[in-house]
Amino acid sequence: MKLHELTIKETAQGLKSGEFSALDVCKDYLGRIKELNKDIFAYLSVDEKGALKQAEEADGLISKGKAGILTGMPSAIKDNIMVCGLKCTSASKILENYVAPYDATVIKKLKEKKAVFLGKANMDEFAMGSSTENSAFGVTKNPRDLSRVPGGSSGGSAAAVASNMAVFALGSDTGGSIRLPAAFCGVVGLKPTYGAVSRYGLTAFASSLDQIGPLAKTVEDAKIVFEVISGKDPMDSTSVDSPAGAKEFDLKKIKVGIPKEYFIKGIDAKIEEEIRSAIKKYEDMGVKVEEISLPHTDYALAAYYIINPSEASANLARFDGIRYGYSAGGKDLLDLYMETKGKGFGPEVRRRIMLGTYALSSGYYDAYYLRAQKVRTLIKKDFEKAFEKVDAIFTPTSPIFPFKIGEKASDPLSMYLVDIYTVSVNLVGVPALTFPIAKVGNLPVGLQIIGKPFGESTLFNLGNAFPGN
Amino acid sequence: MISKEEVKKIAKLARLAISEKETAKYQKELSLILDYIEKMEKADVSKVEPTSHPFSLENVVREDKPEKDECANLVEMAPDKKDNYVKVKSILK
């Protein structure tokens, strides 16, 4: 038995029974990282010393019989989430030497359970991208096929879990950044309901869209992590306590909607085939399936690519060469700002700042930003109407298989189009789960299940019911 | 197609130094993206209220008392500092 192949649940059982220690588990994962990270590059930094110390502390708790389910669990944390004392670069040159001065709330919660932090995971710079190619420090490779991208922006988190370099990971999802890499790497990913998880200590990207969530090997493991990190936090005014899910779950009482607008040209035929076959499996188990319509779907990506850069251009104004990290110097204050941002930010980050600045600038605000916010209302109403009839919505997570490294690097719009099935969820604020349902060759196919606000328990129940999960 | 002058104006508003070569690149890329975004024009948004957040928000208040002082840690991260202060270039001539 290899320790790094176990799930959270299996690892917890072994720790409880004394079959192995948290230190054994930690050392096994560190060995795995040493062996694989040079090829996959899931981790930007590894904190070997800290992880070993945390594992020893976890063993102390276990020996006292005080262990929780995440005690001693080795994790990878996306590098835009602050772990006090560790570098937090958001994969950007502008924060290359930035050390987190405090813990994000999710990290505080994991520390209370004595989870172990192996290191910080690679990502697209400031979480802007769908391939992890926008990292300032190098590309993460897809563990299922090293010539392909892992998806993004939480590509390091997904690759770490997929290659057993962590038992779980945290990512952030602004328009698909947990779900797309989870689908590309063949792991489970959850984008929680907006507000279910505190964003305190997460580098702000697009604040009305961002959520932190888990990536794990199984649906059950994702649920375990979600339950630990969620909850109201006084440090994030948008956070709330999730109402408890219904205790009883009966597949035969569940109604699922299949939005006809999600099965159009552009989707890979093999992906569509696998998704349809997964839907059939649910039908065979007694789930009622019906076609629904989300009529404004075609506008979602356009509205998203106005709202997202607009919020980003405001949030990233703080990286000015004065308060954090890199400073280019300059002859006067304006020069310092211009040079620091011009040299510190990579091409995609600058592209989004420009796009957002344009959309918010005088004369264009009504045509772009205000219109996008109105379209957002239309999309929200589509989902509200759909959820009057159904309990969950099934869609593909991605229209295409993981693409080759470099394939879309020179065409930003084609990269944006990869997010076509994931962005609406963030605009509306609802939760969505993705898990692998099949493989075509080496490449996994992910099914996305979208739920009602705070309907995470329905998503987990549906996910667990899938044959083989 | 947006003009080169517009690209330069946006870059200045955003405080981004960009080269002449980049100006041409961004002109092309931003125009392509904005062309795609044009499709929003077909949506009927008359009588539709804008949405800024997924759910309605409530203000959060706390007692006005000092908490753990993180000041030194935060100032430590600034590239230019003196004593316990962040140093900024002079803004008045």
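The values are calculated or read from the model by the stated rules, or taken from the named source; none is laboratory data. Model, not experiment: these values are computed from the prediction. Cβ placement follows ideal geometry from the backbone for every residue including glycine, while neighbour counts extend to all protein chains displayed.
Quick look at the values:
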read-out: Unique residue being under 23 Å from A:K2 (Cα atoms), modelled with pLDDT of 95 or more and among the charged types (D, E, K, R) when the list is A:D210, A:D221, A:D173; value: A:D221
read-out: Residues of the stretch A:9-62 classified as in contact (Cβ under 8 Å) with a residue 24 or more places away in the chain and basic (K, R), total; value: 4
read-out: The stretch A:418-432, subset of a type in the set (A, V, I, L, M, F, W, C) and either part of a loop (DSSP other than H, G, I, E, B) or in contact with a strand residue (DSSP E or B) (Cβ under 6 Å, 6 or more places away or on another chain) (or both), residue surrounded by the fewest Cβ atoms within 10 Å (Cβ to Cβ); value: A:I420
read-out: Qualifying residue in the stretch A:245-252 (condition: more than 8 Å from chain B (Cβ to nearest Cβ) and more than 27 Å from A:Q448 (Cβ to Cβ)); value: no
read-out: Given (1) more than 10 Å from chain B (Cβ to nearest Cβ); (2) in a helix (DSSP H, G or I); (3) without any contact (Cβ under 8 Å) to a residue 12 or more places away in the chain, number of the condition A:G363 does not satisfy; value: (2)
read-out: Test for A:G213: is it crowded, with 24+ Cβ neighbours inside 10 Å and either touching a residue at least 60 places away in the same chain (Cβ under 8 Å) or in a loop (DSSP other than H, G, I, E, B) (or both); value: no
read-out: Hits in the stretch A:158-189 (condition: within 8 Å of the chain's Cα centre (by Cα) and at positive phi); value: A:G176
read-out: Residue within the stretch A:280-291 that is crowded, with 24+ Cβ neighbours inside 10 Å and at negative phi present; value: no
read-out: Considering residues of the stretch A:334-354 that are under 12 Å from B:A11 (Cβ atoms) and among the hydrophobic types (A, V, I, L, M, F, W, C) only, the residue surrounded by the fewest Cβ atoms within 10 Å (Cβ to Cβ); value: A:M338
read-out: Any pair with Cβ under 8 angstrom, 6 or more apart, that starts in the stretch A:93-110 at a residue that is within 13 Å of chain B (Cβ to nearest Cβ) and closer than 16 Å to B:E70 by Cα and ends at one that is of a type outside the set (S, T, N, Q) and assigned to a helix (DSSP H, G or I); value: A:P101/B:L74; A:P101/B:E76; A:D103/A:K111
read-out: Residue, nearest to A:A158 (Cα to Cα), within the stretch A:433-469, restricted to residues that are within 14 Å of chain B (Cβ to nearest Cβ) and outside any loop (DSSP other than H, G, I, E, B); value: A:I450
read-out: Test: residue in the stretch A:404-417 that is facing another protein chain (nearest Cβ under 10 Å) and more than 18 Å from A:S177 (Cα to Cα); value: yes
read-out: Filter result for the condition that a residue is in a loop (DSSP other than H, G, I, E, B), at the interface with another protein chain (Cβ under 8 Å from one of its Cβ atoms), more than 30 Å from A:A303 (Cα to Cα) and not polar (S, T, N, Q), over B:V88, B:V48, B:V60; value: B:V88
read-out: Residue in the stretch A:31-74 that is nearest to A:G171 (Cα to Cα), counting only those that are touching a helix residue (DSSP H, G or I) at 6+ places or on another chain (Cβ under 7 Å) and small (G, A, S); value: A:A42
read-out: Failed item in (1) more than 27 Å from A:K260 (Cβ to Cβ); (2) more than 14 Å from chain B (Cβ to nearest Cβ); (3) of a type in the set (F, W, Y), with A:Y369 passing the rest; value: (2)
read-out: Qualifying residues in the stretch A:323-333 (those that are more than 21 Å from A:C88 (Cα to Cα) and within 7 Å of chain B (Cβ to nearest Cβ)) - the one surrounded by the fewest Cβ atoms within 10 Å (Cβ to Cβ); value: A:D332
read-out: Matching residues, the stretch A:437-447, being touching a Phe, Trp or Tyr at 6+ places or on another chain (Cβ under 8 Å) and over 11 Å from A:A278 (Cβ atoms); value: A:V440, A:L443, A:P444
read-out: Test for B:K81: is it at the interface with chain A (Cβ under 7 Å from one of its Cβ atoms) and surrounded by 10 or more Cβ atoms within 10 Å (Cβ to Cβ); value: no
read-out: All positions within the stretch B:1-19 that are assigned to a helix (DSSP H, G or I) and either in contact with a helix residue (DSSP H, G or I) (Cβ under 9 Å, 6 or more places away or on another chain) or surrounded by 13 or more Cβ atoms within 10 Å (Cβ to Cβ) (or both); value: B:K4, B:E6, B:V7, B:K8, B:K9, B:I10, B:A11, B:K12, B:L13
read-out: Unmet requirement for A:K265, which otherwise passes all of (1) more than 12 Å from chain B (Cβ to nearest Cβ); (2) part of a helix (DSSP H, G or I); value: (2)
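One line per residue, one yes/no per condition, for (1) assigned to a loop (DSSP other than H, G, I, E, B); (2) crowded, with 20+ Cβ neighbours inside 10 Å:
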residue: A:I107; (1), (2): no, yes
residue: A:K111; (1), (2): no, no
residue: A:F117; (1), (2): no, yes
residue: A:M123; (1), (2): yes, yes
residue: A:F126; (1), (2): no, yes
residue: A:S131; (1), (2): yes, yes
residue: A:N134; (1), (2): yes, yes
